[in-house]
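Peer 1: Handing you a structure now.
The values are calculated or read from the model by the stated rules, or taken from the named source; none is laboratory data. Computed from a prediction, not measured in an experiment: that's the story for all the values here. Ideal geometry is used to build each Cβ from the backbone, glycine not excepted, and the neighbour counts take in all protein chains shown.
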Amino acid sequence: AQRVTQPEKLLSVFKGAPVELKCNYSYSGSPELFWYVQYSRQRLQLLLRHISRESIKGFTADLNKGETSFHLKKPFAQEEDSAMYYCALSGKYRRGADGLTFGKGTHLIIQP
Amino acid sequence: NAGVTQTPKFQVLKTGQSMTLQCAQDMNHNSMYWYRQDPGMGLRLIYYSASEGTTDKGEVPNGYNVSRLNKREFSLRLESAAPSQTSVYFCASIPGQGRYGYTFGSGTRLTVV
């Protein structure tokens, strides 16, 4: 079974400090991994895909297959980064249906 | 560009009532999804539709039914609402089966009393 674990429900850091949101996954095949962000009461927005190896809003994430991790990092946090962050995996559900499996989310709070 | 549109945005139901949540996308996407979001649980897949005329169950399908009316529209129906179905419901779509970033709607906040 596929599973995504985000061990921190809440992460609070000061503005300008580095941020790392942890994500570990369990999947038997070769997964596609994503980070989504949800600002207060808004829709989820795609932040990063591991296959594109891009940096969005200063965030980066590297897939580590050995550690089965896809941690999200930013060297200097900004107040506008405060949001819910979800790590997600694309794989196969039962009966061959595609779908995203989400972690439970980490609420990031950036303190001034 | 509307993207994915969900209606209604808010709804309060009494236990046992029925309702249909509507979702429409204007991006010519093939695959559409319904998720529910609960505090501390993240998002969980309810139902999925790979293409017009096909639907499949996700992780938490009990108590729900879906209809892929055409390529644009994918509705979620609660036949007999229960308090456990109080949640925020998100519709999403992608161009096709595969590993793409999903486009999400703005959500429907449903309360069952």
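Peer 1: Looking at (1) within 17 Å of B:Ile94 (Cα to Cα); (2) surrounded by fewer than 22 Cβ atoms within 10 Å (Cβ to Cβ); (3) more than 9 Å from chain B (Cβ to nearest Cβ); (4) not β-branched (Val, Ile, Thr), can you tell me which one A:Ser69 breaks?
Peer 2: Here A:Ser69 meets the rest and fails (1).
Peer 1: Follow-up question, since we're still on this one. With respect to the numbered conditions (1) touching a Ser or Thr at 6+ places or on another chain (Cβ under 9 Å); (2) buried (at least 17 other Cβ atoms within 10 Å of the Cβ); (3) in a strand (DSSP E or B), which one is the sole condition not fulfilled by A:Ile109?
Peer 2: Result: A:Ile109 passes all but (2).
Peer 1: For segment B:77-113, give me each residue that is away from chain A (no Cβ under 13 Å) and part of a strand (DSSP E or B). Let's see the steps before the verdict.
Peer 2: First, the residues of segment B:77-113 that are away from chain A (no Cβ under 13 Å): B:77-87, B:110-113.
Result: B:Arg77, B:Leu78, B:Ser87, B:Leu110, B:Thr111, B:Val112.
Peer 1: Check whether at least one residue in segment B:62-76 is outside any strand (DSSP E or B), more than 14 Å from every other protein chain (Cβ to nearest Cβ) and hydrophobic (A, V, I, L, M, F, W, C), and report yes or no.
Peer 2: yes
Peer 1: Do you know which of the residues in segment B:22-61 that are among the β-branched types (Val, Ile, Thr) and under 20 Å from A:Thr101 (Cα atoms) is farthest from the other protein chains (Cβ to nearest Cβ)?
Peer 2: Applying the first criterion (among the β-branched types (Val, Ile, Thr)) to segment B:22-61 yields B:46, B:54-55, B:60.
Keeping just the survivors that are under 20 Å from A:Thr101 (Cα atoms) gives B:46, B:55, B:60.
On the way: B:Ile46: 10, B:Thr55: 9, B:Val60: 11 Å.
Among those that are among the β-branched types (Val, Ile, Thr) and under 20 Å from A:Thr101 (Cα atoms), it is B:Val60.
Peer 1: Could you say whether any residue in segment A:57-76 is touching a residue at least 60 places away in the same chain (Cβ under 8 Å), more than 26 Å from B:Gly40 (Cβ to Cβ) and in a loop (DSSP other than H, G, I, E, B)? Spell out the reasoning first.
Peer 2: First, the residues of segment A:57-76 that are touching a residue at least 60 places away in the same chain (Cβ under 8 Å): A:76.
Keeping just the survivors that are more than 26 Å from B:Gly40 (Cβ to Cβ) gives A:76.
The next check asks that each one be in a loop (DSSP other than H, G, I, E, B); those that pass are A:76.
The answer is yes; a qualifying residue exists.
Peer 1: While we're on this one: Considering only residues of segment A:49-64 that are modelled with pLDDT of 85 or more and more than 9 Å from chain B (Cβ to nearest Cβ), which is nearest to the chain's Cα centre (by Cα)? Break it down stepwise before answering.
Peer 2: Restricting attention to segment A:49-64, the residues satisfying the condition of being modelled with pLDDT of 85 or more are A:49, A:57-64.
Checking the rest, the ones that are also more than 9 Å from chain B (Cβ to nearest Cβ) come to A:57-64.
On the way: A:Lys57: 14, A:Gly58: 14, A:Phe59: 10, A:Thr60: 10, A:Ala61: 8, A:Asp62: 11, A:Leu63: 11, A:Asn64: 13 Å.
Step by step, filter segment A:49-64, then rank; the result is A:Ala61.
Peer 1: Please determine whether any residue of segment A:7-14 is at pLDDT 95 or above, surrounded by 14 or more Cβ atoms within 10 Å (Cβ to Cβ) and outside any loop (DSSP other than H, G, I, E, B).
Peer 2: Yes, segment A:7-14 has at least one match.
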